[in-house]
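A short write-up of the structure that comes next.
The values are calculated or read from the model by the stated rules, or taken from the named source; none is laboratory data. Quick caveat, the model's predicted, so the values are computed rather than measured. Note that we place each Cβ from the backbone using ideal geometry, even for glycine, and neighbour counts take in every protein chain shown.
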Amino acid sequence: MAQRKLLNMFALWGLAAASNGVPNIRIVPGIEMPMLAFGTARVSLETCTVQAGVEQWLRLGGRHIDTADDYGTQPDVGLAIKASGVPRSEIFLTTKIPGPIGKQAVINKILHTALPQLGLDYLDLVLIHFPCKSMKDFPNKCGAIFRAERLDTWAGLVELRAMGKIRAIGVSDYSVEQVAEVVEEFGEAPAVNQVQWHLAYHNETLWSAMQQVGTVLQAWAALGGPTASHGVPSISLGDPRLKEVAARNNVSTAQVVLRWETQHGVVPVTATCSEEHARGDLAAFDFQLSPADLDLLSNLMPQTELVII
């Protein structure tokens, strides 16, 4: 019954078909985002350049690209977009600014760094990358300490949106309480909250709270892998339990994981230098997991217990 309710909710989330087979999800009225993004953190692309990876993604039909000021890859993404020949209107581009840096700093960061590096006139989505003053404070030292700075930074994003430089605004790695700060102060919820989310690490309380305020969850480290936080357990794509589900659906284990996420309305960020893997990721919407499979996957635990010394 719970999974039937989930699937019914999924049907109401504003999904729309796309010509490349990847559906869109409505993140705010009038703006739809492809439900699969290509991440551009260099650690995720070990055997190709960021530019080559993005160009391949666009050539294969992918249309959602995720970058960040902290990645240092905005210039690479800009070159790839220009070289691809894909019309700007067909591409959904997400970037992230560093944590709470304040209103004027975020305006300067977008106008004088992000847009020039990307070679674009506007951005589809901008996220506050993390809720702390610096990454070394995340996640244990955030709390309400930087509330004023977070809200001042949000005000800068609101101003950029009013200027037409940003279409939608959101956050990354925000807790339920930190999202509530935005709602309370501005009367709107972030369009997106990008968080660590994979089979071995998914916060159902956060998922439920985001549904209530209308914020779409996006998954970094969607398949576990090298971008998962140090110390967080993972479930290998070679896990025999995953292989059983994949065999039942005649798909790969990676496609199973991506479909489990998207059937929850969570938008995965993936990355690969392999054309075969990229094609497989983009084809992860060609099947539907059963309620029984969704339940099984949601309750998987890592086969090897995490030992912290």
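Just to be sure before I move on: is Arg259 of a type in the set (D, E, K, R), under 15 Å from the mean Cα position of the chain (by Cα) and not in a loop (DSSP other than H, G, I, E, B) in the structure I sent?
On the way: of a type in the set (D, E, K, R): yes; under 15 Å from the mean Cα position of the chain (by Cα): yes; not in a loop (DSSP other than H, G, I, E, B): yes.
Yes.
Yes or no, residue by residue, for (1) more than 30 Å from Ser175 (Cβ to Cβ); (2) without any contact (Cβ under 8 Å) to a residue 24 or more places away in the chain; (3) surrounded by 15 or more Cβ atoms within 10 Å (Cβ to Cβ); (4) of a type outside the set (Asp, Glu):
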position	(1), (2), (3), (4)
Gly39	no, no, yes, yes
Ala52	yes, no, yes, yes
Asp76	yes, no, yes, no
Glu90	yes, no, no, no
Thr95	no, no, yes, yes
Pro98	no, no, yes, yes
Gly102	no, no, yes, yes
Lys133	no, no, yes, yes
Cys142	no, no, yes, yes
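Which ones in segment 66-94 are assigned to a helix (DSSP H, G or I) and not hydrophobic (A, V, I, L, M, F, W, C)? Write out each step before concluding.
Taking segment 66-94 first, the residues assigned to a helix (DSSP H, G or I) are 74-84, 88-90.
Listed by number, the residues that qualify are Gln74, Pro75, Asp76, Gly78, Lys82, Ser84, Arg88, Ser89, Glu90.
Of the residues in segment 105-159, how many are aromatic (Phe, Trp, Tyr) and either assigned to a strand (DSSP E or B) or modelled with pLDDT under 95 (or both)? I'd like the intermediate steps shown before the answer.
Just the residues of segment 105-159 that are aromatic (Phe, Trp, Tyr), to begin with: 122, 130, 138, 146, 154.
From what's left, either assigned to a strand (DSSP E or B) or modelled with pLDDT under 95 (or both): 130, 138, 146.
Residues meeting the conditions: 3.
Going by what's in this entry, would Pro116 be described as out of contact with any His (no Cβ under 9 Å at 6 or more places or on another chain) and free of Cβ contacts under 8 Å to residues at least 24 places away in the same chain?
On the way: out of contact with any His (no Cβ under 9 Å at 6 or more places or on another chain): yes; free of Cβ contacts under 8 Å to residues at least 24 places away in the same chain: yes.
Judged against the criteria, Pro116 is a match.
Can you spot a residue in segment 229-247 that is polar (S, T, N, Q), assigned to a helix (DSSP H, G or I) and surrounded by fewer than 21 Cβ atoms within 10 Å (Cβ to Cβ)? I'd like the intermediate steps shown before the answer.
The first filter runs over segment 229-247 and keeps only residues polar (S, T, N, Q), leaving 229, 234, 236.
Checking which are assigned to a helix (DSSP H, G or I) leaves us with none.
The answer is no; no qualifying residue exists.
Yes or no, residue by residue, for (1) of a type outside the set (Lys, Arg); (2) closer than 30 Å to Arg161 by Cα; (3) buried (at least 23 other Cβ atoms within 10 Å of the Cβ):
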site: Leu199; (1), (2), (3): yes, no, yes
site: Leu206; (1), (2), (3): yes, yes, no
site: Leu217; (1), (2), (3): yes, yes, no
site: Thr270; (1), (2), (3): yes, yes, yes
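Which of the numbered conditions does Leu118 fail, given that it passes all the others? Conditions: (1) in contact with a Gly (Cβ under 6 Å, 6 or more places away or on another chain); (2) more than 25 Å from Ser44 (Cβ to Cβ); (3) not polar (S, T, N, Q).
Checking Leu118 against (1) in contact with a Gly (Cβ under 6 Å, 6 or more places away or on another chain); (2) more than 25 Å from Ser44 (Cβ to Cβ); (3) not polar (S, T, N, Q), the one that fails is (2).
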